Amino acid sequence: MVKLVVFYEKPFCAANAKQKQILRSSGCTLIERNLLEHGLDAEALRSFMGNMAVTDWFNPAAPAIKNGEIFPEALDENEAMGLLMSNPILIRRPLMVIGTEKLCGFDADKVSEVLDRYVEPMPKINCMEKGCLSKYH
């Protein structure tokens, strides 16, 4: 069985590296994407946030948050999404796609729960149809 996870990360982030190791040690196969160059439009990015509070969309360790330049609690959804789209370092990470579900942030219990629902079998390939055995006949 394959546990496939699309994992949007900040390259070289130590926390993301640990999260990826947890997923791999749980038998997951990762498709890694650079969160800073995510290529998502605002609607697609918003779909990762679900019913989270706007303040929870933001990475509290982002320099602009830590330095008091941006106050997520003072933003409405449109303002927040505008900031996230223009400065992806602000996005809480990782973003993950597991099955048909999208997650923002790494809550180990939630990730485990979702993985349990979306274990996918390996695709079946008929080797004869692909011609891989023809060289032996």
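Read the figures in this text as sums done on the coordinates, not as results from a lab. Quantities reported herein were computed from a predicted structural model and do not represent experimental measurements. For neighbour counting, all protein chains shown are included, and Cβ atoms are generated from backbone atoms with ideal geometry for every residue, glycine included.
What is the fewest-to-most order of 12, 106 by other Cβ atoms lying within 10 Å of their Cβ? Walk me through the numbers before you get to the answer.
Working: 12 7, 106 20.
Fewest to most other Cβ atoms nearby, the residues stand as 12, 106.
Helix-derived [θ] at 222 nm for the chain: sum -39500 (n - 2.57) over DSSP H runs of at least 4, divide by residue count, nearest 500?
Calculated from helices alone, the mean residue ellipticity at 222 nm is -8500 deg cm²/dmol.
Enumerate lysine pairs in the chain that are 8 or more residues apart or on different chains, then count those whose Cα atoms are under 17 Å apart.
Count of close lysine pairs: 10.
What is the ratio of the Cα radius of gyration of the range 1-102 to 2.2 N^0.38 Å, with N the residue count, to two decimals? Write down the numbers at each step before the final one.
On the way: Rg = 14.0 Å, N = 102, 2.2 N^0.38 = 12.8 Å.
Its radius of gyration relative to the 2.2 N^0.38 Å reference: 1.10.
Please give the length that would be gained between residue 118 and residue 47 if that part of the chain were fully extended, namely 0.36 nm times their separation in residues minus their C-alpha to C-alpha distance (nm, one decimal). Could the numbers behind the result be given before it?
Numbers: separation 71, 0.36 × 71 = 25.56 nm, distance 1.83 nm.
That works out to 23.7 nm of additional length.
What is the extension gain from residue 14 to residue 36, computed as 0.36 nm multiplied by their sequence separation minus the C-alpha to C-alpha distance, in nm to one decimal? Please list the in-between numbers first.
Numbers: separation 22, 0.36 × 22 = 7.92 nm, distance 1.54 nm.
Stretched out fully, the residue 14 to residue 36 stretch lengthens by 6.4 nm.
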